[in-house]
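Asker: There's a structure below that I have some questions on.
The values are calculated or read from the model by the stated rules, or taken from the named source; none is laboratory data. Quick caveat, the model's predicted, so the values are computed rather than measured. When we count neighbours, we look across all protein chains shown, and the Cβ atoms used for this are built from the backbone with ideal geometry, even at glycine. Areas reflect the complete protein model, heavy atoms only, side chains present, ligands, DNA and RNA absent. Shrake-Rupley method; radii C 1.70, N 1.55, O 1.52, S 1.80 Å.
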Amino acid sequence: MGRAGALSSSPMLCAPLMAQSVEQMITDMHRAKTQGADVVEVRLDYLKNFQPRQDLETILRNKPLPVVIVYRPKWEGGLYEGDEHRRLEALRLAHELGADYIDFELKVASDLVGELKKTHQTGSKVIVSCYLNRPTPSKEELSRLVGIMQATEADIIKVVSCADNITELETLFHLLLHCQVPIIAYSVGERGIISQILAPKFGGSLVYGSLEGSSIPGLPTLDSLTEAYKVESINSETKVFGLISKPVGHSKGPILHNPTFRRVNYNGIYVPMFVDDLKEFFSVYSSPDYAGFSVGFPYKEAVVKFCDEVHPLAKSIGAANTIVRRPSDGKLIGYNTDCEASITAMEDALKEQGYINSKASPISALTGRQFVLVGAGGAGRALAFGAKSRGARIIIFDVDFERAKSLAHGVSGEAQPFENLVHFQPEDGAILANATPLGMHPNTDRIPVAEATLGIYHLVFDAVYTPRKTRLLKEAEAAGAIIVSGVEMFLRQAIGQFNLFTGREGISSTLRTSWKLA
């Protein structure tokens, strides 16, 4: 959607504005421009005491960018509950005054659009929209809907769904790719966020982003679209990588991988993927376009059975945090980069404190130490097998005692019931590793062990990396322990992942630079 009033061949950023006064709306238009927006969507239904002619003239006279005028009624998900004739008259007036784009709902568009085009030759473009307050329809249903919308003589059509599952978005991508008329199509909510980010790959011309400080659930910020994702660089050849997790809001992967892709001139994009069903996900997103995945909580163990091949280390651990689609045959190959990332992070922290005589020593600083592991999920399994490989003595706590016992058996360790943890007394010089989500944003005040025992541990590691320094690490540091943040593990495993994703080595410093800049 270009500045001259027509759709552009490159993706344009649109900021929805929901100010309650005309003055604030104008201020927000200028903020949107500063933050990288190409067009703004002005929601008249949010304005208090809206005076159609006076307010529209003021908005259009002061606009620094092209505007889409929207006056959404409650029956289509908006706020307007007044007289329908008055609402439509305001939209007619916006057209008469030469607004760049006016949005009409499909329900009312049939009679209005043709009439407007005949009576007012203003150069305004008409968007006909349909908001589906339900899961995304099938490709056939969408095709029929698009046919009905086209018949209204719209310049642009807009379809918005409310996805219950990320797999529904593939239908919207198909629509973007094959529609013969200018179209905007996306899904709202956390599961729909990639429908915004990936729209340019499939021919979408408009990507919505929120203003900084005015977040909208399920919508990326303008800043993230311009800085982390650089959506203007996404094209049909862009390879898609993503984090498979539930939830995904905490992920720092996009601000780490995407700048690094750009620095090494690799045409890839890394996005958060809120996944509910692994089997359905891999069945739907099976094309070579989806080239690789990071795997997060709670899927690191479950994902192994969906891999066509599994690297020996990942197989022995029983968990994968990285999947690559082999270009030659499309098979999914599972890897584990968590194991060495976490263990070497701890070893290096101990080396820095002088707990190894020589950097060339073959004996690990973990050898012979009591290694207290909290959590027996995917990350916990990687830690346990890594600690075993270094000769540590492992004690495992998990809310699922059977799972703890199973892992303990695999690493010749000991399992204890989770409720014993609060009273557990570690040996002097023990290592504590938290591999649970305890302490992760937004529940940052929780720690998995008794505070009084933290001073006994020689080193405390926390796999959580949001926040960067968790309460567990703060308390452990105050008690005199060496601390290792999940950030260090995250960076190291990401370096391994990036090498697997791209087939390129030696990008460690580039990834660390990306993290620091973020």
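Asker: Could you grab me the full set of residues in region 73-97 that are open to solvent by 50 Å² or more (accessible area, probe 1.4 Å) and under 21 Å from N133 (Cβ atoms)? Before the answer, list the steps.
Answerer: Taking region 73-97 and keeping what is open to solvent by 50 Å² or more (accessible area, probe 1.4 Å), we get 74-75, 77, 79, 81, 83-86, 89, 92, 96-97.
If the condition is that a residue be open to solvent by 50 Å² or more (accessible area, probe 1.4 Å) and under 21 Å from N133 (Cβ atoms), then K74, W75, G77, L79, E81, E84 are the ones that fit.
Asker: So, one more: List the number of the failed condition for Q180; all other conditions in (1) open to solvent by 20 Å² or more (accessible area, probe 1.4 Å); (2) outside any helix (DSSP H, G or I); (3) touching a residue at least 12 places away in the same chain (Cβ under 8 Å) hold.
Answerer: All conditions are met except number (3).
Asker: Out of region 146-160, which residues are buried (at least 18 other Cβ atoms within 10 Å of the Cβ), outside any loop (DSSP other than H, G, I, E, B) and either without any contact (Cβ under 8 Å) to a residue 40 or more places away in the chain or among the β-branched types (V, I, T) (or both)?
Answerer: Within region 146-160, V146, I156, I157, V159, V160 meet the criteria.
Asker: Would you say K74 is farther than 18 Å from L93 by Cα, basic (K, R) and free of Cβ contacts under 8 Å to residues at least 12 places away in the same chain?
Answerer: So K74 fits the description; yes.
Asker: Looking for something more than 23 Å from P52 (Cβ to Cβ), free of Cβ contacts under 8 Å to residues at least 60 places away in the same chain, in a loop (DSSP other than H, G, I, E, B) and open to solvent by 10 Å² or more (accessible area, probe 1.4 Å) - is there at least one such residue anywhere in region 118-125?
Answerer: no
Asker: Kindly indicate whether N434 is polar (S, T, N, Q), open to solvent by 80 Å² or more (accessible area, probe 1.4 Å) and closer than 20 Å to V464 by Cβ.
Answerer: No, not satisfied.
Asker: Restricting attention to region 223-258, and to residues there that are among the small types (G, A, S) and either at pLDDT 95 or above or farther than 20 Å from F281 by Cβ (or both), which single residue is surrounded by the fewest Cβ atoms within 10 Å (Cβ to Cβ)?
Answerer: The extreme case among them is S236.
Asker: Related question: Taking D400 as meeting all but one of (1) within 30 Å of K246 (Cβ to Cβ); (2) in contact with a Gly (Cβ under 6 Å, 6 or more places away or on another chain); (3) of a type outside the set (S, T, N, Q), write down the number of the exception.
Answerer: With respect to (1) within 30 Å of K246 (Cβ to Cβ); (2) in contact with a Gly (Cβ under 6 Å, 6 or more places away or on another chain); (3) of a type outside the set (S, T, N, Q), D400 is out only on (2).
Asker: So, in region 248-278, how many residues would count as being of a type in the set (S, T, Y) and over 15 Å from A494 (Cα atoms)?
Answerer: Let us first name the residues in region 248-278 that are of a type in the set (S, T, Y), namely 251, 260, 266, 270.
When the remaining residues are screened for being over 15 Å from A494 (Cα atoms), the result is 266.
Total meeting the criteria: 1.
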